[in-house]
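See below for the structure under consideration.
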Amino acid sequence: MPALPKKKLLRLYHDMMLTRMFEDRLSKLYRQGKILGGLYLSTGQEAIPVGTCAHLREDDVISPVHRDLGAFLIKGIEPRFLMAQILGKETGPSKGRDSFLHAGSKRLGIIPPTSILASTIPIAAGVAFAFKVRGEDSIAVSYFGEGGSNRGDFHEGLNFAGIHKVPLVLVCENNKYAYSTPVEKEMAICCVSYRAESYGFEGVTIDGNDIFAVYDAMEKAVEKARNGGGPTLIECMTYRIKGHSEHDEAKYQPAEEKEEWKQKDPIARFKKFLTESGHLGESEEQDIIDKIASALDEAVKFAEESPFPPGEDALKHVFATNEEP
Ligand SMILES: Cc1ncc(C[n+]2csc(CCOP(=O)(O)OP(=O)(O)O)c2C)c(N)n1
């Protein structure tokens, strides 16, 4: 058991529950037809954004992808603004111009995801290179799925990162499926982490459903990156419990396989540890849940009451300015 103080442990638990409960709300809102665009949930993968973002400072930059809602929250976007973004409202980070998928924040160091899998990896490597050239000790973190790691951009990004020893942590969320394609049909090797060695840096494969494993691996990688040691690839083994998106029933995922992974739920595992070690009592847990539920009620209310952007503003913010979108 890692020697983390109770306050820190409960923070991690809170953040994992926040991610899960936020997404559960989204699933309901999706069924009510209130969400614009697709909805890609990370149910069962919450230990990854929480355990990794826990080590980041405000000046660090993350590059999330479509299944990384937790990373947005933990890096600092307030639930109400993220909710407004997802409902397409003017009060969201992209002012109602986009689905959740392409939200970002320059101030909080969140690069908006693109739709093209893995295209964000060279971008994150470039951000890390800029930190290095400027002599700053900020780092960049790039999230991606194992499916994305089969694209050329992944390899170009890693090659560049390795050559220049940039302060980058590559977090692969290996959830065994790229849409309907199972991992055995995506690549001929067992582990995405093996690929790091070809580019001159370390790759590790860990249990992505174990918050402590994620927290520890990230701690090491961040320290190394901040101190000039270059990139690390952390491959987090996990599983996509739900479909690729909310419209996908994922009949191609065997029921027994899903059941097996449900038993490895990262939140249930962490809760068991916290309860058995005396860190989390029933009333403390209820307190955490109640606080999150009321924050989410407030977020949904704020988002629902916010206006859609006026049509005549559609061409605003098309080109980059220094203004925070
Ligand atoms: C270059 C490219 N090809 C295909 C797609 C369509 N697509 C979007 S998400 C996805 C699956 C991605 O799988 P993975 O990278 O493993 O992440 P996961 O969705 O499992 O989290 C696909 C095929 C895309 N967005 N970009």
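The values are calculated or read from the model by the stated rules, or taken from the named source; none is laboratory data. Keep in mind the model is a prediction, meaning the values are calculated, not measured. Counting neighbours? That spans all protein chains shown, and the Cβs are built from the backbone with ideal geometry, glycine included. The accessibility values were calculated without ligands, DNA or RNA, using every heavy atom of the protein model including side chains. Shrake-Rupley method; radii C 1.70, N 1.55, O 1.52, S 1.80 Å.
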- Item | Residue satisfying condition, being more than 15 Å from the ligand (Cβ to nearest atom) and open to solvent by less than 20 Å² (accessible area, probe 1.4 Å), within set Val204, Val171, Val141 | Val141
- Item | Residue check, Ile86 of a type in the set (Val, Ile, Thr) and more than 30 Å from Lys220 (Cα to Cα) | yes
- Can you name the helices (runs of 4 or more DSSP H) wholly within the range 1-86 that have at least 1 residues being aromatic (Phe, Trp, Tyr) and surrounded by fewer than 24 Cβ atoms within 10 Å (Cβ to Cβ)? 6-31, 79-86
- Go through the range 270-291 and give me each residue that's among the charged types (D, E, K, R) and under 15 Å from Thr19 (Cβ atoms). Lys271, Lys291
- State whether the residues of the range 263-270 include one that is farther than 27 Å from Leu9 by Cβ and either away from the ligand (no atom under 16 Å from the Cβ) or touching a His at 6+ places or on another chain (Cβ under 9 Å) (or both). no
- Looking at the range 102-118, which of its residues are within 15 Å of the ligand (Cβ to nearest atom) and surrounded by fewer than 19 Cβ atoms within 10 Å (Cβ to Cβ)? His102, Pro112, Thr114, Ser115, Ile116
- Note on the structure: Looking across the range 240-261 at residues that are among the basic types (Lys, Arg) and either within 11 Å of the ligand (Cβ to nearest atom) or open to solvent by less than 50 Å² (accessible area, probe 1.4 Å) (or both), the single one that is farthest from the chain's Cα centre (by Cα) is Lys258
- Query: Quick one: is Ala84 in contact (Cβ under 8 Å) with a residue 12 or more places away in the chain, away from the ligand (no atom under 16 Å from the Cβ) and touching a strand residue (DSSP E or B) at 6+ places or on another chain (Cβ under 6 Å)?
  - Reply: no
- Note on the structure: Restricted to the range 119-129 and to residues being outside any loop (DSSP other than H, G, I, E, B) and either hydrophobic (A, V, I, L, M, F, W, C) or within 13 Å of the ligand (Cβ to nearest atom) (or both), the residue farthest from Phe72 (Cα to Cα) is Phe129
- Considering only residues of the range 176-197 that are surrounded by 18 or more Cβ atoms within 10 Å (Cβ to Cβ) and closer than 16 Å to Gly157 by Cβ, which is farthest from the ligand (Cβ to nearest atom)? Ala196
- Task: State whether one or more residues within the range 306-324 are in a loop (DSSP other than H, G, I, E, B), touching a residue at least 60 places away in the same chain (Cβ under 8 Å) and under 25 Å from the mean Cα position of the chain (by Cα).
- Result: yes
- Item | Phe72 within 16 Å of the ligand (Cβ to nearest atom), within 13 Å of the chain's Cα centre (by Cα) and modelled with pLDDT of 95 or more | yes
- What single numbered condition from (1) over 12 Å from the mean Cα position of the chain (by Cα); (2) within 16 Å of the ligand (Cβ to nearest atom) fails to hold for His55? (2)
- Note on the structure: Within the range 146-157, of all residues that are touching a Leu at 6+ places or on another chain (Cβ under 7 Å) and open to solvent by less than 60 Å² (accessible area, probe 1.4 Å), the one farthest from Gly229 (Cα to Cα) is Gly147
- Starting from the range 169-188, take each residue that is touching a residue at least 24 places away in the same chain (Cβ under 8 Å) and list its partners that are open to solvent by 30 Å² or more (accessible area, probe 1.4 Å) and aromatic (Phe, Trp, Tyr), counting only C-beta distances under 7 angstrom and pairs at least six apart or across chains. Ser180/Tyr252
- For the range 275-294, enumerate the residues that are in a helix (DSSP H, G or I) and open to solvent by less than 40 Å² (accessible area, probe 1.4 Å). Glu285, Ile288, Ile292, Ala293
